[in-house]
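Student: Before anything else, here's the structure in question.
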Amino acid sequence: MPSIDPEAWIAPSAQLYGRVQVGPGSSVWPQCVIRAECQEVVIGCHTNVQDFVMIHVGYDHPTRIGDFCSITHHATVHGAIIEDDCLIGINAVIMDGAAVGRGSIVAPGAVITEGKVIPPGSIVAGVPGKVIRERDSAAENRLNAWNYHRNALAYRRGEHRAWDGADFEAFSAEKRRELGLPDPQR
């Protein structure tokens, strides 16, 4: 049975099966499928698994996704490790035994093949995925995860405009200061 922290938000249309653990403040969005028949799926805290994502396990590989990650729309993570503060782009695929190091970005449509290890602070693109640049994106990725956490709290209340208005601007400015990110207004 899945183990969902009470502070996590799971969309009603998401489907979770088997040994799946979702940590505090994390969110699983509409139409996601997470299955763990023979291994386990562990999702850390404040991680968002966006619409239409597929997370599965390999026969010999669990799937572990760290804290403050964004697994974006239509991505597939299959028996892989995603360390903290990563962003996995739209339609990216991460295969069995692969590992993505902390603070990395995997570009939309990239495919990280079986057993490939991506060093921390990498930007990966292409098919097969290759490191095209070294850059620690942990702060920006964490900001994105905070935005999704705020959005999940709003959805829990039935509000669907969490990224709009003065409250959001104040929240965003506060998080940018906490993370040492520049103000985009300047």
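Student: For region 114-166, enumerate the residues that are modelled with pLDDT under 95 and among the acidic types (Asp, Glu).
Tutor: Selection gives Glu159, Asp164.
Student: In the list Ser137, Ser172, which residue meets the criterion of being closer than 20 Å to Gly66 by Cβ and of a type in the set (Ser, Thr, Tyr)? Outline the logic, then answer.
Tutor: On the way: Ser172 fails: closer than 20 Å to Gly66 by Cβ.
After ruling out the rest, the residue left standing is Ser137.
Student: Now a separate question. Ser27 fails exactly one of the following numbered conditions: (1) out of contact with any Asp or Glu (no Cβ under 8 Å at 6 or more places or on another chain); (2) more than 20 Å from Arg156 (Cα to Cα); (3) modelled with pLDDT of 95 or more. What is the number of that condition?
Tutor: (2)
Student: Another question, if that's okay. So which pairs qualify, if the first residue must be in region 173-185 and at positive phi and among the hydrophobic types (A, V, I, L, M, F, W, C), the second must be exposed (fewer than 11 other Cβ atoms within 10 Å of the Cβ) and not in a helix (DSSP H, G or I), the Cβ gap must be under 6 Å, and the two must be at least 6 apart or on different chains?
Tutor: none
Student: Among Val77, Val41, Val49, Val57, which is within 19 Å of Ala154 (Cα to Cα) and surrounded by 24 or more Cβ atoms within 10 Å (Cβ to Cβ)? Steps first, answer last, please.
Tutor: Numbers: Val77 fails: within 19 Å of Ala154 (Cα to Cα); Val41 fails: within 19 Å of Ala154 (Cα to Cα); Val57 fails: within 19 Å of Ala154 (Cα to Cα).
Result of the check over Val77, Val41, Val49, Val57: Val49.
The rows are residues; the columns are (1) part of a helix (DSSP H, G or I); (2) exposed (fewer than 15 other Cβ atoms within 10 Å of the Cβ).
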position	(1), (2)
Gly115	no, yes
Val124	no, no
Val127	no, yes
Ile132	no, yes
Arg142	yes, no
Ala145	yes, no
Arg150	yes, no
Glu159	no, yes
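Student: Anything in region 133-172 that is closer than 16 Å to Cys86 by Cα and either touching a Pro at 6+ places or on another chain (Cβ under 6 Å) or without any contact (Cβ under 8 Å) to a residue 12 or more places away in the chain (or both)? List them, or say none. Spell out how you get there, then give the answer.
Tutor: Here is the first cut: in region 133-172, the residues closer than 16 Å to Cys86 by Cα are 133-149.
If the condition is that a residue be closer than 16 Å to Cys86 by Cα and either touching a Pro at 6+ places or on another chain (Cβ under 6 Å) or without any contact (Cβ under 8 Å) to a residue 12 or more places away in the chain (or both), then Arg133 is the only one that fits.
The values are calculated or read from the model by the stated rules, or taken from the named source; none is laboratory data. It should be emphasised that the depicted structure is a prediction, and the values quoted were computed from it without experimental measurement. As a convention, Cβ positions derive from the backbone with ideal geometry for all residues, glycine included, and neighbour counts pool all protein chains shown.
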